[in-house]
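K.L.:
Please read through the structure below; I'll follow up with questions.
The values are calculated or read from the model by the stated rules, or taken from the named source; none is laboratory data. Given the structure is predicted, the values throughout are model-derived calculations rather than measurements. No Cβ is skipped: glycine too gets one built from the backbone with ideal geometry, and neighbour counts run over all protein chains shown. With ligands, DNA and RNA removed, areas are computed over all heavy atoms of the protein, side chains included. Shrake-Rupley method; radii C 1.70, N 1.55, O 1.52, S 1.80 Å.
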Amino acid sequence: SSVRGYPKTACFFESRLWIGGTKGKTQSLFGSKTGAFFDFDIDDGDDDEGIFATISSRNLNEIIDVFPGRNLQIFTSGAEFSVSAKPITPSSIDLSPQTSHGSSYIEVQDVSGATMFIDRNGKTLHGFTYSFNEDSYITTDKSVLSSNLIRQPVDMALLTGTQSEDANWLFIVNSDGGAAVLNTLRSQ
(Lines give C-alpha, C1' and ligand atoms only; values in the text may rest on other atoms or scores of the structure.)
Protein backbone atom coordinates (compact mmCIF):
# COMPACT_ATOMS: atom_id res chain seq x y z
CA SER A 1 0.00 0.00 0.00
CA SER A 2 1.04 3.63 -0.18
CA VAL A 3 1.30 3.68 3.63
CA ARG A 4 3.43 0.57 4.15
CA GLY A 5 5.20 0.78 0.83
CA TYR A 6 5.13 -1.22 -2.37
CA PRO A 7 7.47 -4.16 -2.93
CA LYS A 8 10.77 -3.42 -4.64
CA THR A 9 10.98 -6.75 -6.41
CA ALA A 10 8.99 -9.94 -6.96
CA CYS A 11 9.32 -13.32 -8.64
CA PHE A 12 7.66 -16.73 -8.77
CA PHE A 13 9.57 -19.70 -7.33
CA GLU A 14 8.33 -23.13 -6.18
CA SER A 15 4.64 -22.23 -6.63
CA ARG A 16 4.94 -19.13 -4.44
CA LEU A 17 5.05 -15.41 -5.16
CA TRP A 18 8.14 -13.96 -3.46
CA ILE A 19 8.30 -10.27 -2.60
CA GLY A 20 11.51 -8.64 -1.47
CA GLY A 21 11.76 -5.41 0.47
CA THR A 22 9.12 -2.80 1.21
CA LYS A 23 9.32 0.75 2.52
CA GLY A 24 9.08 -0.35 6.14
CA LYS A 25 10.74 -3.78 5.82
CA THR A 26 13.72 -3.24 3.51
CA GLN A 27 15.49 -6.43 4.66
CA SER A 28 12.43 -8.70 4.64
CA LEU A 29 11.30 -11.40 2.25
CA PHE A 30 7.64 -12.43 1.93
CA GLY A 31 6.49 -15.72 0.38
CA SER A 32 2.85 -16.40 -0.47
CA LYS A 33 0.99 -19.56 0.41
CA THR A 34 1.73 -22.39 -2.00
CA GLY A 35 -0.44 -21.95 -5.10
CA ALA A 36 -2.22 -18.89 -3.65
CA PHE A 37 -0.14 -16.02 -5.01
CA PHE A 38 -2.00 -13.21 -3.23
CA ASP A 39 -2.37 -14.89 0.17
CA PHE A 40 0.51 -14.07 2.52
CA ASP A 41 -1.22 -15.08 5.77
CA ILE A 42 1.02 -16.69 8.35
CA ASP A 43 -1.20 -18.90 10.47
CA ASP A 44 0.14 -22.05 12.15
CA GLY A 45 3.43 -22.37 10.24
CA ASP A 46 2.29 -25.31 8.11
CA ASP A 47 4.50 -26.14 5.12
CA ASP A 48 2.12 -24.58 2.57
CA GLU A 49 1.49 -21.33 4.47
CA GLY A 50 2.93 -17.87 3.93
CA ILE A 51 6.54 -17.10 4.80
CA PHE A 52 8.06 -13.98 6.35
CA ALA A 53 11.84 -13.83 6.84
CA THR A 54 14.24 -11.01 7.59
CA ILE A 55 17.93 -10.98 6.69
CA SER A 56 19.88 -10.82 9.92
CA SER A 57 23.49 -9.81 9.48
CA ARG A 58 26.08 -7.37 10.72
CA ASN A 59 25.19 -4.78 8.05
CA LEU A 60 21.94 -3.35 6.74
CA ASN A 61 21.15 -5.39 3.64
CA GLU A 62 18.38 -3.65 1.75
CA ILE A 63 16.87 -6.08 -0.77
CA ILE A 64 17.48 -4.95 -4.35
CA ASP A 65 16.29 -7.97 -6.37
CA VAL A 66 14.96 -11.50 -5.87
CA PHE A 67 15.76 -13.99 -8.65
CA PRO A 68 14.44 -17.54 -9.25
CA GLY A 69 17.58 -19.39 -10.33
CA ARG A 70 18.93 -22.76 -9.20
CA ASN A 71 17.87 -21.59 -5.73
CA LEU A 72 16.00 -18.49 -4.69
CA GLN A 73 18.66 -15.77 -4.94
CA ILE A 74 18.44 -12.50 -3.00
CA PHE A 75 20.58 -9.56 -4.07
CA THR A 76 20.98 -6.83 -1.46
CA SER A 77 22.88 -3.58 -1.05
CA GLY A 78 25.54 -5.32 1.05
CA ALA A 79 25.72 -9.00 0.00
CA GLU A 80 24.22 -11.80 -2.05
CA PHE A 81 22.14 -14.55 -0.41
CA SER A 82 20.46 -17.79 -1.41
CA VAL A 83 17.80 -20.03 0.05
CA SER A 84 19.00 -23.60 -0.43
CA ALA A 85 16.16 -25.51 1.28
CA LYS A 86 14.07 -27.67 -1.07
CA PRO A 87 11.18 -27.15 -0.71
CA ILE A 88 11.14 -23.81 1.05
CA THR A 89 8.76 -23.88 4.01
CA PRO A 90 8.21 -21.58 7.01
CA SER A 91 10.30 -23.93 9.16
CA SER A 92 13.10 -24.60 6.63
CA ILE A 93 13.83 -21.14 5.22
CA ASP A 94 17.47 -20.17 5.70
CA LEU A 95 18.85 -17.02 4.08
CA SER A 96 22.51 -17.97 3.64
CA PRO A 97 25.08 -15.32 2.70
CA GLN A 98 27.09 -16.30 -0.38
CA THR A 99 29.24 -13.34 -1.47
CA SER A 100 29.60 -9.79 -0.18
CA HIS A 101 29.83 -7.48 -3.17
CA GLY A 102 26.42 -5.83 -2.83
CA SER A 103 24.22 -4.88 -5.76
CA SER A 104 23.34 -1.66 -7.56
CA TYR A 105 19.67 -0.78 -7.98
CA ILE A 106 19.44 -2.58 -11.30
CA GLU A 107 17.48 -5.73 -12.13
CA VAL A 108 19.76 -8.78 -12.43
CA GLN A 109 19.89 -10.79 -15.66
CA ASP A 110 20.32 -14.52 -16.29
CA VAL A 111 22.95 -15.37 -18.90
CA SER A 112 23.15 -19.12 -19.50
CA GLY A 113 22.76 -20.02 -15.83
CA ALA A 114 24.92 -17.20 -14.45
CA THR A 115 23.05 -14.38 -12.76
CA MET A 116 24.68 -11.13 -13.84
CA PHE A 117 24.62 -8.10 -11.54
CA ILE A 118 26.38 -4.76 -11.16
CA ASP A 119 28.12 -4.31 -7.80
CA ARG A 120 27.12 -1.62 -5.31
CA ASN A 121 29.94 0.68 -6.49
CA GLY A 122 28.49 0.72 -10.02
CA LYS A 123 31.79 -0.24 -11.65
CA THR A 124 31.92 -4.02 -11.96
CA LEU A 125 29.78 -6.65 -13.67
CA HIS A 126 29.71 -9.93 -11.73
CA GLY A 127 28.50 -13.41 -12.68
CA PHE A 128 26.84 -15.22 -9.75
CA THR A 129 27.11 -19.00 -10.28
CA TYR A 130 26.87 -22.13 -8.17
CA SER A 131 30.16 -23.95 -7.53
CA PHE A 132 29.95 -27.64 -6.66
CA ASN A 133 33.53 -27.52 -5.33
CA GLU A 134 32.64 -24.75 -2.87
CA ASP A 135 29.06 -25.98 -2.28
CA SER A 136 27.96 -22.36 -2.52
CA TYR A 137 27.60 -19.53 -4.98
CA ILE A 138 30.68 -17.67 -6.18
CA THR A 139 31.13 -14.54 -8.26
CA THR A 140 33.41 -13.93 -11.19
CA ASP A 141 34.34 -10.46 -12.43
CA LYS A 142 33.08 -10.30 -16.02
CA SER A 143 34.38 -6.79 -16.65
CA VAL A 144 37.94 -7.16 -15.36
CA LEU A 145 39.49 -6.15 -18.70
CA SER A 146 36.97 -3.42 -19.47
CA SER A 147 35.83 -1.94 -16.16
CA ASN A 148 36.31 1.57 -17.58
CA LEU A 149 33.23 0.95 -19.78
CA ILE A 150 30.91 0.56 -16.78
CA ARG A 151 30.12 3.93 -15.20
CA GLN A 152 27.25 3.98 -12.68
CA PRO A 153 24.73 2.01 -14.81
CA VAL A 154 21.03 2.84 -14.70
CA ASP A 155 19.70 -0.16 -16.62
CA MET A 156 20.69 -3.55 -17.99
CA ALA A 157 18.94 -5.74 -20.58
CA LEU A 158 19.66 -9.08 -22.24
CA LEU A 159 19.25 -10.22 -25.83
CA THR A 160 19.61 -14.01 -25.87
CA GLY A 161 21.15 -16.04 -28.66
CA THR A 162 19.15 -17.13 -31.68
CA GLN A 163 19.37 -19.90 -34.25
CA SER A 164 21.78 -17.84 -36.35
CA GLU A 165 23.75 -16.26 -33.46
CA ASP A 166 24.89 -18.34 -30.46
CA ALA A 167 26.11 -15.46 -28.32
CA ASN A 168 24.12 -13.57 -25.71
CA TRP A 169 24.27 -9.77 -25.72
CA LEU A 170 24.08 -7.94 -22.39
CA PHE A 171 23.46 -4.20 -22.79
CA ILE A 172 24.43 -1.88 -19.93
CA VAL A 173 23.23 1.74 -20.03
CA ASN A 174 25.45 4.13 -18.04
CA SER A 175 24.25 7.22 -16.19
CA ASP A 176 26.23 9.49 -18.54
CA GLY A 177 24.27 8.20 -21.56
CA GLY A 178 27.00 5.84 -22.75
CA ALA A 179 26.58 2.11 -23.02
CA ALA A 180 28.59 -1.07 -22.74
CA VAL A 181 27.83 -4.36 -24.49
CA LEU A 182 28.94 -7.76 -23.28
CA ASN A 183 28.93 -10.43 -25.97
CA THR A 184 29.23 -13.79 -24.30
CA LEU A 185 29.20 -17.49 -24.83
CA ARG A 186 29.41 -18.69 -21.24
CA SER A 187 31.13 -21.95 -22.18
CA GLN A 188 34.02 -19.97 -23.72
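K.L.:
For the pair Glu134 and Ser147, how long in nm is the line joining their label points, each one 7 Å along Cα→Cβ?
P.N.:
1.7 nm
K.L.:
Please compute the per residue accessible area over the stretch 1-43 with all protein chains in place, 1.4 Å probe, rounded to a whole number of Å².
P.N.:
59 Å²
K.L.:
If you stretched the chain out fully between Asp47 and Asn174, how much longer would it get, using 0.36 nm times the residue separation minus the C-alpha to C-alpha distance?
P.N.:
41.4 nm
K.L.:
Using only alpha-carbon positions, what ratio does the radius of gyration of the stretch 59-114 give when scaled by 2.2 N^0.38 Å?
P.N.:
Dividing the Cα Rg of the stretch 59-114 by 2.2 N^0.38 Å gives 1.12.
K.L.:
Please report the carbon-and-sulfur percent of the accessible area for the chain; probe 1.4 Å, protein heavy atoms only, DNA, RNA and ligands left out.
P.N.:
Ligands and nucleic acids excluded, carbon and sulfur give 49 percent.
K.L.:
For the stretch 78-188, what's the radius of gyration and Dmax over Cα atoms, in angstrom?
P.N.:
15.2, 47
K.L.:
Roughly how many nanometres apart are two label points built 7 Å out from the Cα toward the Cβ at Val154 and Ser1?
P.N.:
Spacing of the two 7 Å Cα→Cβ label points: 3.4 nm.
K.L.:
Accessible area per residue of the stretch 118-188 at 1.4 Å probe, in Å²?
P.N.:
Value returned for the stretch 118-188: 63 Å² of accessible area per residue.
K.L.:
Can you compute log10 of I(q)/I(0) for the chain with the Debye formula, treating each Cα as one identical point scatterer, at q = 0.09, 0.14, 0.18 Å⁻¹?
P.N.:
For the requested q values the scattering log ratios are -0.35, -0.81, -1.21.
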